[in-house]
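Visitor: Got a structure here, written out as structure tokens. Questions coming.
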Amino acid sequence: MKKWLAVFGTIIAYILTVGLFFTNKVMYIRKKSDEELLMREKAEGFYVDEVYETLEKKPFSIPSPFGYLLKGNVIEQHNTKKFIIFCHGVTVHSINSIKYMNIFLERGWNVILYDHRRHGQSEGKTTSYGHYEKFDLKAIIDWTKNRFGQDIILGIHGESMGASTTLLYAGMIEDGADFYIADCPFSDLEEQLRYRLKEEFRLPGQAVLPIANIFLKLRDGYSLKDVSPIQFVDHIQNPVLFIHSAQDDYILPRMTKELYEKKPGPKALYYAPFGTHARSYAENRSDYEKVIDDFLEKFNIAKRNHH
């Protein structure tokens, strides 16, 4: 009997340890500090104090459907109907989007920068890799259309988790933007975590993920299977530009290829030859910009007469 109790105790201890440790890592992933982010973006020449400070920014704060505030800035530099929203990746915040913002400001677009829940200035307790974030993105889009007109031309650019969030929004909630740029998204959260477990902890997914799923559902109200852009990308009718660094070993490039192949209708794919995860623009600047120009041109996006 004692032996069985010991075995049972060990199993329970394992389940609790794995469940709590893993879900803590997922829900409360360590974020980069403002200093880290600023230093990196300044070193790359993406963030220049004098330039950023002189941009006229209108801060906004809007309620998430889940009861916290989402915060960001509108940079309306151009008297045009062209707007683009930027969705940053996990562990960073909207400072990270400035490099992409600059591309679009130069091309006559107005910009909406915002922080995802639990990142930057926004409120919210946990990170959910697109599960709750897709509804927050819808709130930002609704607010943008209500403020600037239902007839605006709207784009969304997402990086990493922001790219997956963008695809989940467009595939699961509504195809509410005129185009999307998905830079290094994961296609399926469970598959992504299985890969990271193997790489970082040398652990097989089946020893961790079933337990983690139960704990995640209990603690944060969703399961990993709910966060799967690949299941919904075929609902997106509007143009999507998929981008991935060919050398990315954090989220594998084949995830983007699978998403690209499954998406019907207008789409484009660019594999950046240089750069690790989320470094496609940093390491391939002129090509990245050209790919965006070609994409917007090909699908006649900036010239659309609206609704």
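The values are calculated or read from the model by the stated rules, or taken from the named source; none is laboratory data. Given the structure is predicted, the values throughout are model-derived calculations rather than measurements. Positions of Cβ are generated from backbone atoms using ideal geometry, with glycine treated the same way; all protein chains shown enter the neighbour counts. All accessible areas refer to the heavy atoms of the entire protein, side chains included, with ligands and DNA or RNA removed. Shrake-Rupley method; radii C 1.70, N 1.55, O 1.52, S 1.80 Å.
Residues checked against (1) closer than 21 Å to ARG254 by Cα; (2) without any contact (Cβ under 8 Å) to a residue 60 or more places away in the chain:
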residue	(1), (2)
GLY265	yes, yes
ALA268	yes, yes
TYR271	yes, yes
ALA282	yes, no
ASP294	no, yes
LYS298	no, yes
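Visitor: Filter region 169-227 down to residues that are under 27 Å from GLY155 (Cβ atoms) and among the small types (Gly, Ala, Ser), then give me how many there are.
Guide: Residues that pass the stated criteria total 6.
Visitor: Something else now. Residue check: is LEU189 open to solvent by less than 30 Å² (accessible area, probe 1.4 Å) and either in contact with a Leu (Cβ under 6 Å, 6 or more places away or on another chain) or free of Cβ contacts under 8 Å to residues at least 60 places away in the same chain (or both)?
Guide: When the stated conditions are applied, LEU189 passes them.
Visitor: If you don't mind, there's one more thing I want to ask. Has region 145-155 got at least one residue that is closer than 30 Å to GLY19 by Cβ and in contact with a helix residue (DSSP H, G or I) (Cβ under 8 Å, 6 or more places away or on another chain)?
Guide: Checked region 145-155: no residue is closer than 30 Å to GLY19 by Cβ and in contact with a helix residue (DSSP H, G or I) (Cβ under 8 Å, 6 or more places away or on another chain).
Visitor: Sticking with this structure for a sec: So in region 216-232, with the set limited to residues that are open to solvent by less than 30 Å² (accessible area, probe 1.4 Å) and not hydroxyl-bearing (Ser, Thr, Tyr), which one is nearest to ALA163 (Cα to Cα)? Steps first, answer last, please.
Guide: Step one: of region 216-232, the residues open to solvent by less than 30 Å² (accessible area, probe 1.4 Å) are 216, 220, 222-224, 227-229.
Pick out the ones that are also not hydroxyl-bearing (Ser, Thr, Tyr) and you get 216, 220, 224, 227, 229.
Working: LEU216: 22, ASP220: 21, LEU224: 17, VAL227: 12, PRO229: 10 Å.
The selected residue is PRO229.
Visitor: For region 281-290, name all the residues that are surrounded by 14 or more Cβ atoms within 10 Å (Cβ to Cβ) and either closer than 16 Å to ALA246 by Cβ or of a type outside the set (Asp, Glu) (or both).
Guide: Start the filter on region 281-290 by keeping residues that are surrounded by 14 or more Cβ atoms within 10 Å (Cβ to Cβ), which leaves 281-285, 287-289.
Once the filter is applied, which keeps residues that are surrounded by 14 or more Cβ atoms within 10 Å (Cβ to Cβ) and either closer than 16 Å to ALA246 by Cβ or of a type outside the set (Asp, Glu) (or both), region 281-290 yields TYR281, ALA282, GLU283, ASN284, ARG285, ASP287, TYR288.
Visitor: Another one. Checking the conditions here, which among TYR169, TYR195 is hydroxyl-bearing (Ser, Thr, Tyr), in a helix (DSSP H, G or I), at negative phi and surrounded by fewer than 23 Cβ atoms within 10 Å (Cβ to Cβ)?
Guide: Answer to the check: TYR195.
Visitor: Taking region 172-185 on its own, how many of its residues are open to solvent by 10 Å² or more (accessible area, probe 1.4 Å), of a type in the set (Asp, Glu) and touching a residue at least 60 places away in the same chain (Cβ under 8 Å)?
Guide: The number of residues fulfilling the criteria is 2.
Visitor: For region 27-50, which positions are of a type in the set (D, E, K, R) and without any contact (Cβ under 8 Å) to a residue 60 or more places away in the chain?
Guide: Filtering region 27-50 down to residues of a type in the set (D, E, K, R) leaves 30-32, 34-36, 40-42, 44, 49-50.
Selection gives GLU35, GLU36, ARG40, GLU41, LYS42, ASP49, GLU50.
Quick grid of which residues meet (1) open to solvent by less than 50 Å² (accessible area, probe 1.4 Å); (2) closer than 30 Å to GLY45 by Cβ:
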position	(1), (2)
ALA246	no, yes
MET255	yes, yes
LYS263	yes, no
ALA272	yes, yes
ARG279	no, yes
ILE292	yes, yes
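Visitor: Out of ARG118, ARG107, report the one residue that is assigned to a loop (DSSP other than H, G, I, E, B), within 22 Å of ARG219 (Cβ to Cβ) and more than 11 Å from the chain's Cα centre (by Cα). Give the steps one after another, and end with the answer.
Guide: Numbers: ARG107 fails: within 22 Å of ARG219 (Cβ to Cβ).
So the residue among ARG118, ARG107 that is assigned to a loop (DSSP other than H, G, I, E, B), within 22 Å of ARG219 (Cβ to Cβ) and more than 11 Å from the chain's Cα centre (by Cα) is ARG118.
Visitor: Taking region 113-152, which residues are within 30 Å of LYS303 (Cβ to Cβ) and open to solvent by 10 Å² or more (accessible area, probe 1.4 Å)?
Guide: Within region 113-152, LYS138, ALA139, ASP142, TRP143, LYS145, ASN146, ARG147, PHE148, GLY149, GLN150, ASP151 qualify.
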